[in-house]
Amino acid sequence: MKAKPISLAAVRLNDRLWQNRFRLIKDQVVPYQWDALNDRIPGVPPSHSIENFRIAAGESTGEFFGRVFQDSDVAKWLEAVSYVLAAEPDPELEKIADEVIDLIAKAQQDDGYLNTYFTVAEPDRRWTNLRDWHELYCAGHMMEAAVAYYEATGKRKLLEVMCRFADHIDRTFGHKPDQMRGYPGHPEIELALVRLYNATGNERYLELSKYFIDERGQEPHWYEIEQEKRGAGPRPYLPDLGPAYSQAHLPIREQQTAEGHAVRALYLFSGVTDVATETNDNELLDVCKRLWENVTHQRMYITGAVGSDHYGERFSLDYDLPNDRAYTETCASIALVFWAHRMLHTDIDAEYADVLERALYNGVLSGISLDGKSFFYVNPLEVWPEACKVRDDLRHVKTVRQGWFSCACCPPNVARLIASLGQYMYSHSADTAYIHLYAANEANLDLGGRKLRLAQETDYPWQETVSVTVQPDQAGEFTIALRIPGWCKKTHLAVNGKPADLASITAKGYAYVSRMWEPGDEIQLTLAMPIQRIRANPQVRENAGRVALQRGPIVYCLEEVDNGANLSSMILPPSAELTAQWQPELLSGVMVIKGKAQRIDESTWENTLYCPVEVPPGTRTVEITAIPYSTWCNRLPGEMLVWIRET
Ligand code: ZN
């Protein structure tokens, strides 16, 4: 089954959880990041991003400051602003964005080139180190911003700027004698070029994306060729990881497993999926499926986080999913959402939407605080704050969210995803409307010319019921396909009160309801949400003898503020009775899990470090409270634990 994504403008969210997060993005994160980009926030590392553009545009003097990919922060901010404007017009914000776009246009060079680092700091070294210097990555982010801004406002200025830059890149790279054979060290432009192609219809952009994908990893290896040309120049970052660090160890069609830097990998796989889809390349699609299987069945955390090794911020090996040392960058979960959305449009299969949902409600949402003011870069599943201050292998773990980062990729990435969430909820084809995610919203879909309005009422993910009011422009026969989440073992579906036989209408995790729909028809869906105890595959050595708690799509954790310190001494026997309790005042309104557990009585140990097993460990019964993982560290800092000992 194939379907097309919808535009963001088609959906209006009025959901408790998502509307709350959207308000944070619009009222808190976007203005805060604007101040950060302009170095107006005391106590956080300066960004200098806007000033870099001013200098490149000739409006200011001084030196470039920041990372070589500093421009991408402006791009991601602009992209988030575009989605905010698509959801809710705001002339003042649009005016600021227009001014930023004027500045970007002025910073563009006559030949179309656009990158403030190389324009201001090292004009002679353009395109001399694709492996490390992120020019194509920054270009990709700005292309995404340009398409998003055009779609939100109809304004073409940035789109035209980025088409000029894409034309420049198209002239520069390729197989002709006067071209370079290179490709980016940090993928991103591959998926961005496909967006640019879809927005403009210019097939050269699709071809260019395909070129970057197919050229990657070919011999002789471009990174070595350019290294030789540079002479002494910079050596590879993390040389022992080799080109696998940036997925260039093999041509993509020969890659069997997801390797290297997790964000790079998932941006690349997203672009590969786009090109496979747009060019009907089934061989390439099989590569995507193979890599998807590896990532989601062997290398993904229960929270939808990926990247288990901080060294290289990368995938390590199958089933290596340490909870405390995890790297699990927020951006990697976001990239997994991007990729899952694309895979879902190669084949409507709930497996893809399940992963999308898992990452969204857990690994992505944990990246931003409930006041929208601070962010996690790394999202471990177990934290002992004192150890993180001392141990070298935990140095990357911040135990409280940070205001901003010198490498500020995650905060604007969270902003752009949450602000554009509406487009992930539905898809459409000529005769079918697909509902992938559940949240209170109204959507206007187009089924082969038929106008269809769907209104969801629900308090998902906390409550089990979803009601969908169906309003076609006139009565007619078509299909509404509703996702039955993989976590849900008991589903009830009815239309106008009449139960449907789910077994006969469900395929690949979607219930296809085909009938003559009348305006005002109502679908009632109940997705039973008992508290589930989840075990990990025994190959995941870290989680042997442990369980995690999940309810609906939400993964839970224990936090020190509710349960005391040394959470490892908490035991959750299989017989433990657990109940879900709605707490409207806690953590912006969450369902918590309460119950009785056992706790090893530490007082009997006194000064003993080791003790023979003949002495049974004393335990006592304690009350436990588990909260949604994504909301941890919004009260007092302290320990946190997802996987709890079972015996
Ligand atoms: Zn990041």
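Of note:
- Filter result for the condition that a residue is modelled with pLDDT under 95, within 15 Å of the ligand (Cβ to nearest atom), out of contact with any Gly (no Cβ under 6 Å at 6 or more places or on another chain) and part of a helix (DSSP H, G or I), over A387, A415, A408: A415
- Flag for L321 being more than 16 Å from the ligand (Cβ to nearest atom), closer than 29 Å to D132 by Cα, open to solvent by less than 10 Å² (accessible area, probe 1.4 Å) and not aromatic (F, W, Y): no
- Hey, V378 open to solvent by less than 10 Å² (accessible area, probe 1.4 Å), hydrophobic (A, V, I, L, M, F, W, C), within 16 Å of the ligand (Cβ to nearest atom) and in contact with a Gly (Cβ under 8 Å, 6 or more places away or on another chain) or not: no
- Residue ID - surrounded by the most Cβ atoms within 10 Å (Cβ to Cβ), chosen from residues in region 285-318 that are among the charged types (D, E, K, R) and under 23 Å from A408 (Cα atoms): R314
- Complete set of residues in region 462-496 that are under 14 Å from L437 (Cβ atoms) and out of contact with any Leu (no Cβ under 7 Å at 6 or more places or on another chain): A481, R483, I484, G486, W487
- Once region 573-617 is narrowed to residues that are touching a strand residue (DSSP E or B) at 6+ places or on another chain (Cβ under 9 Å), aliphatic (A, V, I, L, M) and in a loop (DSSP other than H, G, I, E, B), the residue that is farthest from L370 (Cα to Cα) is A576.
- Residues being open to solvent by 10 Å² or more (accessible area, probe 1.4 Å) and part of a strand (DSSP E or B) - total across region 618-644: 6
- Entirely in region 18-101, the helices (runs of 4 or more DSSP H) that have 1 or more residues that are touching a strand residue (DSSP E or B) at 6+ places or on another chain (Cβ under 8 Å): 71-87
- Look at region 314-331: where a residue is closer than 11 Å to V397 by Cβ and a partner is within 16 Å of the ligand (Cβ to nearest atom) and open to solvent by 20 Å² or more (accessible area, probe 1.4 Å), sitting 6+ places away or on another chain with Cβ atoms under 7 Å, you get R325/H310; Y327/D309; Y327/H310; Y327/E313; Y327/H396.
- Condition broken by N563, with the remaining ones in (1) of a type outside the set (A, V, I, L, M); (2) on the phi < 0 side of the Ramachandran plot; (3) over 31 Å from the mean Cα position of the chain (by Cα) satisfied: (3)
- Among the residues here, A350 does not qualify as under 28 Å from S467 (Cα atoms), more than 16 Å from the ligand (Cβ to nearest atom) and in contact with a helix residue (DSSP H, G or I) (Cβ under 7 Å, 6 or more places away or on another chain).
- Among the candidates A105, A139, A87, residue that is surrounded by fewer than 23 Cβ atoms within 10 Å (Cβ to Cβ) and under 18 Å from A56 (Cα atoms): A105
- Extreme residue, nearest to the chain's Cα centre (by Cα), among residues of region 146-157 that are under 18 Å from P89 (Cβ atoms) and open to solvent by less than 10 Å² (accessible area, probe 1.4 Å): A148
- Residue list for region 392-405, filter: among the β-branched types (V, I, T) and more than 16 Å from the ligand (Cβ to nearest atom): T399, V400
- Only one of A528, A576, A500 that is over 32 Å from the mean Cα position of the chain (by Cα), open to solvent by 10 Å² or more (accessible area, probe 1.4 Å) and within 30 Å of Q456 (Cα to Cα): A500
- Residue list for region 357-367, restricted to those being touching a Leu at 6+ places or on another chain (Cβ under 7 Å), within 16 Å of the ligand (Cβ to nearest atom) and not small (G, A, S): V364
- Failed item, numbered, when W127 is tested on (1) at pLDDT 95 or above; (2) surrounded by 18 or more Cβ atoms within 10 Å (Cβ to Cβ); (3) touching an Asp or Glu at 6+ places or on another chain (Cβ under 7 Å): (2)
- Residue count for region 327-347, restricted to those that are more than 10 Å from the ligand (Cβ to nearest atom) and among the polar types (S, T, N, Q): 2.
- Test result for D214, assigned to a loop (DSSP other than H, G, I, E, B) and charged (D, E, K, R): no
- Residue match in region 418-440 (condition: within 16 Å of the ligand (Cβ to nearest atom), crowded, with 21+ Cβ neighbours inside 10 Å and in a helix (DSSP H, G or I)): yes
- When restricted to residues that are charged (D, E, K, R) and surrounded by 18 or more Cβ atoms within 10 Å (Cβ to Cβ), region 37-53 contains 1.
- Taking region 252-284 as the range and being touching a residue at least 24 places away in the same chain (Cβ under 8 Å), open to solvent by 10 Å² or more (accessible area, probe 1.4 Å) and farther than 14 Å from E190 by Cβ as the test, the residues that pass are R253, E254, Q256, T257, E259, H261, E283.
- Among all positions in region 192-209, there is no residue which is part of a loop (DSSP other than H, G, I, E, B) and modelled with pLDDT under 95.
- The strands (runs of 3 or more DSSP E) located wholly in region 481-549 that include 3 or more residues which are out of contact with any Asp or Glu (no Cβ under 6 Å at 6 or more places or on another chain), farther than 25 Å from K2 by Cβ and not β-branched (V, I, T) occupy 521-527.
- Residue-level analysis places N282 outside the set of residues that are over 24 Å from Q423 (Cα atoms), in contact with a Ser or Thr (Cβ under 6 Å, 6 or more places away or on another chain) and not aromatic (F, W, Y).
- Flag not set for A455, criterion: farther than 30 Å from Y149 by Cβ and surrounded by fewer than 18 Cβ atoms within 10 Å (Cβ to Cβ).
- Tallying residues that are more than 16 Å from the ligand (Cβ to nearest atom) and closer than 23 Å to I334 by Cβ within region 246-282 yields 16.
- Leading residue by the ranking (most open to solvent (accessible area, probe 1.4 Å)) among those in region 234-244 that are in contact with an Asp or Glu (Cβ under 8 Å, 6 or more places away or on another chain) and under 24 Å from R125 (Cβ atoms): Y237
The values are calculated or read from the model by the stated rules, or taken from the named source; none is laboratory data. Here the structure is a predicted model, which means the values were calculated and not measured. Cβ coordinates were reconstructed from backbone atoms using ideal geometry, including for glycine residues, and neighbour counts include every protein chain displayed. All accessible areas refer to the heavy atoms of the entire protein, side chains included, with ligands and DNA or RNA removed. Shrake-Rupley method; radii C 1.70, N 1.55, O 1.52, S 1.80 Å.
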